[in-house]
Amino acid sequence: MLPSTAKVAFMKNVYAPWYSSTEDVVFTLSLLLYLVLSNRVVRDSSEMATYDWKRDRSLWLRRLILWSAFILAVSVFFNLAAPFSYFVFGASIYQYEWVSFLENVTYSGFLYWISLAGVVQANPSLERFAAQGSSAGVIRQERYSLSEQLLRDHVASLEKHVGEQCPHLDPELTLGKLAQELGITDKVLSFVLNEGLSISYSDYVNSLRVEEARRQLEDEALEHFSVLGVGFNAGFSSKATFNRVFKKATGMSPSEYRRMSVAGKK
């Protein structure tokens with residue numbers, strides 16, 4: 001038997017009726033289980049969300065999961081209907097079997113929808129435009145403009161996170177890392193800082209670190225810590241940066257500030 005003939009025979013008599021069918025069933029069941037568990041996680045996260053923007057994000061994810069389940073059901077239907085396609089509507093549409101044609105159209109539309117929805121989620125201004133069909137309530141027409149309420153929610157979330165988790169104490173903290181902890185993009189966080197607090201990311205983090213350093217320098221229980229040790233504890237990554245930022249904020253060096261604080265308590 002020729003290799004090509006053997007291959008055709010294998011695909012027709014072994015792969016198609018057995019392995020391919022088993023592969024389809026396992027894939028369908030595993031994806032269905034994944035969607036069910038994902039929906040449960042997103043639902044629980046939505047119920048525990050403190051801010052409206054987090055609930056909106058969870059709602060979008062649940063819609064994505066439900067649409068994915070719908071597409072899975074459509075795929076199962078198409079595969080079950082394939083053997084009967086010829087007898088129902090004829091052999092082909094545009095040189096495709098009609099079942100395969102409709103299946104490809106459905107998949108393509110779903111992928112385009114996911115892509116558009118992802119862009120909207122990454123860009124709050126598009127999200128508002130898509131939801132309301134207008135620019136009402138937008139602070140100003142920029143790529144990452146937010147409604148006043150959503151901006152306040154972001155600021156409140158940031159302040160709560162800073163108060164509870166103190167991320168500024170991490171010397172390796174970055175804008176992207178902080179944004180990830182808040183569940184937003186780095187560009188949205190930058191916009192929130194600029195518009196909501198009128199401050200840049202670096203100035204915001206440095207101000208938090210300076211306040212922490214001042215608290216430690218004033219604390220008599222921490223007098224055994226060196227000035228440099230206090231700087232590192234406050235989140236600064238180097239002595240030069242600590243001295244420069246601290247003096248710019250307070251008008252004196254950390255050592256001078258500690259001496260003044262100790263003298264004032266005597």
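The values are calculated or read from the model by the stated rules, or taken from the named source; none is laboratory data. What you see is a predicted model; the values in this text were computed from it and never measured. FYI the Cβ positions are ideal-geometry reconstructions off the backbone, even for glycines, and counts take in every protein chain you see. Only protein heavy atoms, including side chains, enter the accessible area calculation; ligands, DNA and RNA are left aside. Shrake-Rupley method; radii C 1.70, N 1.55, O 1.52, S 1.80 Å.
Within the stretch 184-201, the set of residues being of a type in the set (A, V, I, L, M) and either in a loop (DSSP other than H, G, I, E, B) or over 17 Å from the mean Cα position of the chain (by Cα) (or both) comprises ILE184, LEU193, LEU197, ILE199.
Restricting the stretch 160-183 to residues that are touching a residue at least 60 places away in the same chain (Cβ under 8 Å) and outside any helix (DSSP H, G or I) leaves a set whose member that is most open to solvent (accessible area, probe 1.4 Å) is GLU172.
Flag set for SER237, criterion: open to solvent by 60 Å² or more (accessible area, probe 1.4 Å) and either at pLDDT 95 or above or among the hydroxyl-bearing types (Ser, Thr, Tyr) (or both).
Against the conditions (1) part of a helix (DSSP H, G or I); (2) within 34 Å of the chain's Cα centre (by Cα); (3) farther than 22 Å from GLY163 by Cβ, ARG258 satisfies every one except (2). Among residues that are among the acidic types (Asp, Glu), open to solvent by 40 Å² or more (accessible area, probe 1.4 Å) and closer than 29 Å to ARG258 by Cβ, GLU195 is not included. From the list SER198, SER226, SER202, the lone residue that is within 20 Å of ASP170 (Cβ to Cβ), out of contact with any Lys or Arg (no Cβ under 8 Å at 6 or more places or on another chain) and of a type in the set (Gly, Ala, Ser) is SER202.
Which numbered condition in (1) at pLDDT 95 or above; (2) in contact with a helix residue (DSSP H, G or I) (Cβ under 8 Å, 6 or more places away or on another chain); (3) under 30 Å from GLN149 (Cβ atoms) is the only one that GLY183 fails? Looking at each condition in turn, GLY183 falls short on (1).
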